[in-house]
Amino acid sequence: MDLLIVGSGFFGLTIAERAAASGRKVTVIDRRHHIGGNAYTENEPTTGIEVHKYGAHLFHTSNATVWEYVNRFTQFTNYVHRVYTTHKGVVYPLPINLGTINQFFQAAYTPGEARDLIQELAGEFDPKQANNLEERAIGLIGRPLYEAFIRDYTAKQWQTDPKELPAEIISRLPVRYTYDNRYFNDTWEGLPVDGYTAWLERMADHANIEVKLSTDFFDESQPLNKKATVGQVPIVYTGPVDRYFDYTEGELSWRTLDFEQDVLDIPDFQGTSVMNYADADAPYTRIHEFKHFHPERADRYPTDKTVIVREYSRFATRADEPYYPVNTAEDRAGLLAYRDLAKGEQDVLFGGRLGTYQYLDMHMAIGSALSMWNNQLA
Ligand code: FDA
């Protein structure tokens, strides 16, 4: 073995694929029973509908190198992501755009009139002087839109009143003064034609790559554990950085999600793939309906059933899946201390969203793995 990779998410698999293609023998271990990290999907058994097990994953990028690279393993559909939100029993388009504003104020503002209105409403606070998230948000988009679309949704995401949340959590709140409600601004977007898992498996399908699942790097009862391998073989580690160092510099905090899945005996639940719930009376933040990610599969998917998943957000404990870094001042200090420790680890490189304690979109995880390969490993 020339290289041991801990974690089979997009970061680990990109390193594995590049190393294997250049003739190196690679072993990838993952503590889960499946490959692919959080991008993993599986077909719901009674309907065959592809469900994203760790939250909805939409691929999008403006990075030409990454786009060329991912197209070696999968084709993409022409799916374009759009999100809607329900507030007081009415559905509005997101991100906040001219359609949202005119529907909310029951008006026909031109772009210029809407811009003037939002600027006037936002005058209540200076976002640069904001003492908390609420003041900053009002200083960016004004109180009415904040109270309708941001306040309760943010409170559900963080389980905290936005008045108690630091202003730094948001630097900007995009408002579009057109009717464009495309969610992503990137050059390319789409979903893998035959699913994420087929794509992820193709990345690992090489004679030089061995994948060992249900294998935890910290489990000393199995041969490829930390104690037995560090210093013996080069390692790329994509698990949580604080766990690697046994939490000596403190625990980095994360938010997690709980998912509640239902198969319904109706053809269509909400007519779109993602519906946010802006108000406090719905305990979930959003509902995904997975058949809408693949309208091109209409001939394969059942016409009388649908799969929905309600998503709930909360702070993670050590036993939960870490999803979004909380990134408090304490976390940032801890991360700096872990980065120093990481520099001292012989032949171990830290990468990916858990190894660097950063939210990374898929194209960013793949792009940063390609850089690590080119600059530090090749
Ligand atoms: P990932 O977490 O995927 O992989 C790490 C792997 O390491 C896991 O498989 C884990 O089991 C393994 N591991 C950890 N500790 C281990 C140990 N001790 N021993 C062995 N294995 C261990 N991106 C995007 O572009 N569009 C989108 O729509 C979304 N949507 C989205 C929704 C939600 C809810 C989240 C949380 C994230 C997204 N993402 C996203 C981001 C996407 O999930 C992210 O880019 C990739 O997961 C990053 O891949 P990594 O390989 O870095 O981590």
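Taken together, the values in this text are just the output of simple stated rules run on the coordinates, not laboratory data. Being a predicted model, the structure only gives us computed values, none of them experimental. Neighbour counts run over all protein chains shown; Cβ positions are idealised from the backbone, glycine included.
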* Structure fact -> For VAL51, other-chain or 5+-apart residues with amide H closer than 5 Å (H placed, Pro excluded) are GLU42, ASN43, GLU44
* Asked: So what is the calculated 222 nm ellipticity per residue for the chain, using -39500 (n - 2.57) for each DSSP H run with n of 4 or more, over all residues, to the nearest 500 deg cm²/dmol?
  -> -7500 deg cm²/dmol
* Asked: Given the convex hull over the Cα atoms of the chain, what projected area results after averaging over all orientations, in nm²?
  -> 20.3 nm²
* region 94-171 shape via C-alpha gyration tensor axes, a/c threshold 1.5 -> oblate
* Asked: In debye, nearest 20: dipole of the chain around its Cα centre with unit charges on the Cβ of K, R (+) and D, E (-)?
  -> 620 debye
* To do: Report, in debye and to the nearest 20, how large the dipole of region 128-175 comes out about its Cα centre when Lys and Arg carry +1 and Asp and Glu carry -1 on their Cβ.
  => 160 debye
* Simple spin-label estimate for THR256 and ALA198 in nanometres, 7 Å along Cα-Cβ -> 3.3 nm
* Structure fact -> GNM of the chain, Cα pairs under 10 angstrom: of ASP299, ASP126, ASP361, the biggest fluctuation goes to ASP299
* Between region 185-258 and region 103-162, the alpha-carbon center distance in angstrom -> 39 Å
* **Selection of trypsin sites (Lys or Arg not before Pro), region 104-207, meeting DSSP coil and at most 16 other Cβ within 10 Å** => ARG172, ARG182
* To do: Read phi for every residue in region 316-327 and hand back ³J(HN,Hα) as whole Hz from Karplus 6.51 cos²θ - 1.76 cosθ + 1.60, θ = phi - 60°, with x for Gly and Pro.
  => 8, 9, 4, 7, 8, 6, x, 10, 10, x, 6, 6
* Structure fact -> Scalar couplings 3J(HN,Hα) for region 28-33 by Karplus 6.51 cos²θ - 1.76 cosθ + 1.60 (θ = phi - 60°), nearest whole Hz, x for Gly and Pro, are 10, 10, 9, 6, 6, 7
* Distant-in-sequence amide H partners of ASN97 (H built 1.01 Å from N, under 5 Å) -> ARG176
* To do: Taking the Cα centre of region 94-171 as origin, work out the dipole magnitude from +1 charges on Lys and Arg Cβ and -1 charges on Asp and Glu Cβ, in debye rounded to 20.
  => 180 debye
* **Charge dipole (the chain, unit charges on Cβ, about Cα centre) - positive-most of ALA114, THR303, GLY351** => GLY351
* Structure fact -> For LYS212, other-chain or 5+-apart residues with amide H closer than 5 Å (H placed, Pro excluded) are VAL28, ILE29, ASP30
